[in-house]
Structure formats: C-alpha cells, structure tokens
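Just so it is clear, none of the values below were taken in a lab; they were calculated from the coordinates. Remember, it's a predicted structure, so these values are computed and weren't measured experimentally. Neighbour counts are summed over all protein chains in view; Cβ atoms, including those assigned to glycine, are modelled from backbone coordinates with ideal geometry.
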Number of protein chains: 2
Amino acid sequence: MKCQGTLYGVGLGPGDADLMTVRAHRLLAGATHVAFFRKAGRPGQARRIVEGLLPCAAVELAMEYPVTTEIAVEDPAYNEALSGFYAACVAQLRSLSDAGHDVVILCEGDPFFYGSFMHLYTRLAATHPVQVVPAITGMSGAWTATGRPITWGDDVLTVLMGTLPEATLARHMAQSDALVIMKIGRNIDKVRRALAAAGRLQEAWLVEFATMPGQKVVRLVEAEGRVTPYFSIVLVHGNGRRP
Amino acid sequence: MKCQGTLYGVGLGPGDADLMTVRAHRLLAGATHVAFFRKAGRPGQARRIVEGLLPCAAVELAMEYPVTTEIAVEDPAYNEALSGFYAACVAQLRSLSDAGHDVVILCEGDPFFYGSFMHLYTRLAATHPVQVVPAITGMSGAWTATGRPITWGDDVLTVLMGTLPEATLARHMAQSDALVIMKIGRNIDKVRRALAAAGRLQEAWLVEFATMPGQKVVRLVEAEGRVTPYFSIVLVHGNGRRP
C-alpha cells in the first residue's frame, strides 16, 4: 500500500517572490503537483506570484471559486455554494494524497490568517498529512511599505475587516492605538466614515499592492473618490513609548 | 567622495532559519558588516538564528543593552539609559555607512512590529539610506504552531502586550474575537487573571519557542505555575464564519 502524500499549505507572503521563505521556495522548486484558488476566468494572484518558480512538469490544479461577490455573504446560498466547492476541492486533494502524491497548495499571505486554505485544512487535517508553512502577512508588507513602524512599546493593535458594520468598526477604532483594516474595496467609504467617527481619519494611510509592482501608499484623506482593490489595506500607526 | 553604504534592517522571522525570506538569506550570505542587539554577556537570539549563514570574514558589531529588566520601564532612568544606548549604536552605524559600508542589522521577528530596530530606524532614516526587509512575525509562528487558524471571516484580532494593566487587558480581551498576547514572562499570572475576567481563559493557548527547538504548545489552564520566557505568546483563536 502506498503512503499518503503530504499536502503542504504554503504561504506566499504579500506578493513579492523575494519575500517568500526559503522553505516555500524549496517546496515550489520541487513540486510535482500544485493547487491554487482563483476567480473563474482569471490567472489567479497566487499562481502569478510563483510564475517562473515551478518545474515545467508540475501538474497544476486550479480551484475556481463558484462565486465571489455575485451573492451576498449573508445569503444562505453563498455558504451553500462555497461548502460544495470546498468539498469538491478536498475530494481532489484527498485522491492525490491517497495516490502518494505530495501537493503544494499556494496560499496568498499567511495560510492561518484570514485565508481560504483554512477551509481545506479543517476538512483534511484529521485524515491526511497536512503541513503549513507560515509566511509574511499582507499587512506586514503594507506597514513596511509606509516606511513607518506600526507598533511601539505597549501599543494595542487591532485588525478589522472592512466588511464589518460601521458602528462596530468605529467602536474598535476608537479604542486601539494602531489599526489595520483589510478587505477594503467597495467598503472604503464606510471605513472612512468609521475612522472619522473615531477621530482617526487624519492619521490613516491607504496601501495598494504592497510589495508588488503598482505599490501605492497615500494618506486616506487624499484618496477621496478613489476606486481601490479589495485587498488594499488601511493602516493607522501606533505612537507608543519610544526612548 | 564615497557613497554612503546602505543600512539594512533585516527581519529574521520567528526563529527557524528556514522561515527567513529569500531576500534575508541573500543579504546575510553577502554581508560584510553585521550588527545585532543582545543582552550583555549573552550570545543573543538574533545572532544565534543566523549561525552558519554569515561569511567568515563578516565584521560583527554586538550592540549590548545597558539594561533590560533591572530598571522598571516607568523609571525615567530607563528611558535615559536606552536613549544614550541607541545614540551610541546610531553613531557607529552612521560612521560605517559614511565609510561606504553596507550593514546588515539583524532583527528578530518583523522589524516594524514591536521591534528594537525601530529606535535605530527613526534616528537614521532621514540622513542615511535604510532599507527594511519584512519578515514573519513571532505571533504568526505561534499560531501556526498551534495547528489552528487564528482568524476566520470577519473576526476581529487584537494584539496586546502582557505589560499592560490588568483592567486594560481584560477590557480588550472581552471585545475581540481572536487575541494575541505578547511579552508574557513574569506577566503570565496577570494575563491569566485578565483572560478569566473576560471569560476567555478556557480558550487560551500558551506557545513557547515557536518554530524553534524546544517549541511547546499547551493550554494556558494547564500551565498553572509555569515559568515561561518573556517571548512566549498567548493566543485565543477566532471562530468566525466558515462555510
């Protein structure tokens, strides 16, 4: 009987291939099977990051989301579509592992930090060998891009999703020293209003495409009316103790 | 006139050299001058991580803290001692840069996330070329070590320092889905009491030496009476939306 192959959830970091870990690079260079999420009809950001790093002979498995923003997250149909999708992905990964193949699963950012990989992980970890390779988070790429430290001394840092209700955002924003707000895109006006309500708007920065070509760092107040990607990040730096 | 050398603030990540970035590895392998913080009389954790990765001919500059826990942080003498220390480090780094030398400054974790390097950076960046290489944070190494994702969907994540007052800790702990508490050490009992007050103690994990030899992951309630290092991390995982 063949041994099960290992399923590697490999974090790719914020986008610059030079900021991947040595372990990720080695796993990519030796990969025989590579799986990655993408929006249907798109090349996929994870796959783009590893361009030129995979062996030519590697078998590629594109896992295409059945839905991204066409159905509201609150709609039960959204959960249903995604559950079915994850189940299908997991079935494919299981059969590759059962046939003895190792599979490298590409993960943007850090796999255990707001990632899609976790939905595969929880379905696979009990029955198949899974290894997770952490990576630099997108937010770390973003605060490095601003050229200013995000937290000092005893600063409290709160990470918020722009998808949260405005009042929830404002309440947390008022109570934290440093802030990271992710999933911006069409939530940008709500995020701006919440920051203003919390008295933090003037300190906020918008970072687009951190560490990638097209990186842009602007003060949020100077980005009025701007159309920004979903994966943009808004930051407010802490100001803690500094000898 | 010679060009100024570049001062590289190089993040080393959580401790496993295999989890450094490709860029960090390349800078270390080509380093002519390497600077790092350490406690007087100790080899230093940052220097230990890069053991075997530096050229034999690299000139090493150990920057030894004049004080770590001997003086309370609240004592004005603490700030004074550290200010003088950073000024002296900066003077050395400036003269190396002015002589045309590049210097790799080793940073545990991610340089802009609660790091000592920031105190050098703010004093150097206006007059000398400084480049910052981000890295995997210690907390990311810690949540990966638990084998469970830290955040899902719209979870709110709050990062707290164990040095904060107990009531402040408890207030934030009660309002966040996921928690990271750093700087544990002798603060562990205070952190435990604050978690209990916020009703989160049963969910908490203690991670010591994440990604390093000696890594230990235990439920915090099972670590009663445990002496744990300052760089241990306490985690509470989020439980957000999961299709």
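Some notes on this structure:
- If R0 is taken as 51 Å, the Cβ-Cβ distance between residue B:75 and residue A:222 corresponds to a FRET efficiency of 0.80.
- Beta bridges by DSSP in chain B, antiparallel share as percent, to the nearest 5: 35 percent
- Each residue in B:3, B:107 was given a count of other beta-carbon atoms within 10 angstrom of its own, and listing them fewest first yields B:3, B:107.
- Count Lys and Arg as plus one, Asp and Glu as minus one, and take only other residues whose Cβ is under 11 Å from that of residue B:127; the net charge is then +1.
- The magnitude of the dipole of chain B, with charges of +1 and -1 set on the Cβ of Lys/Arg and Asp/Glu and taken from the Cα centre, is near 240 debye.
- Cut-off 10 Å between beta-carbons: net charge of the residues surrounding residue A:38, Lys and Arg +1, Asp and Glu -1: +3
- Of the DSSP H helices in chain B, those whose Cα atoms cover at least 18 Å axially and whose Kyte score averages -1.0 or more: B:76-98
- Mean partner shielding of peptide B:126-134, defined as the number of other chain Cβ atoms within 10 Å of each residue Cβ, is 3.
- Distances between copies of residue A:193, taken at a point 7 Å out from Cα along the Cα→Cβ vector and listed shortest first: 4.3 nm.
- With at most 11 other Cβ atoms within 10 Å, longest stretch of chain B clear of loop GluC sites (Glu not before Pro) (DSSP): B:75-223
- Residue A:64 paired with residue A:6, simple spin-label distance in nm, labels 7 Å along Cα-to-beta-carbon: 3.2 nm
- For the range A:7-136, relative contact order (Cα pairs under 8 Å, six or more residues apart, normalised by length) works out to 43 percent.
- You can think of it this way: the chain between residue A:57 and residue A:29 has 9.0 nm of extra reach, that is 0.36 nm per residue less the Cα-Cα gap.
- Partner chain coverage, peptide A:78-90 - average Cβ within 10 angstrom: 1
- Mean separation of Cα contacts under 8 Å (6+ apart) over length of chain B, as relative contact order %: 22 percent
- For the pair the range B:56-104 / the range B:153-194, the C-alpha centres are spaced 30 Å from each other.
- Label point of residue B:67 (7 Å along Cα→beta-carbon): distances to the other copies' equivalent points are 6.0 nm, sorted ascending.
- Each part reduced to its alpha carbon centroid, the range B:200-243 and the range A:36-54 end up 34 Å apart.
- Summing charges over neighbours of residue B:194, with a neighbour being any other residue whose Cβ is under 13 Å away from its Cβ, gives +3 when K and R count +1 and D and E count -1.
- Taking the range B:140-243 and dividing mean pair separation by its residue count, relative contact order in percent (alpha carbons under 8 Å, at least six apart): 37 percent
- Rounded to the nearest 20 debye, the dipole magnitude of the range A:139-236 is 280 debye, with +1 charges on Lys and Arg beta carbons, -1 on Asp and Glu beta carbons, and the Cα centre as origin.
- Placing a label point 7 Å from Cα along the Cα-to-Cβ direction at residue A:229 gives distances to the equivalent points in the other copies of 3.6 nm, listed shortest first.
- Gyration tensor verdict on the protein assembly as shown (Cα atoms; rounded if a/c is under 1.5, prolate if a/b is larger than b/c, oblate otherwise): rounded
- DSSP-loop trypsin sites (Lys or Arg not before Pro) across the range B:1-70, with at most 16 other Cβ within 10 angstrom: B:2
- Normalised per residue, the volume of the convex hull around the Cα set of the range A:165-243 (Å³): 94 Å³
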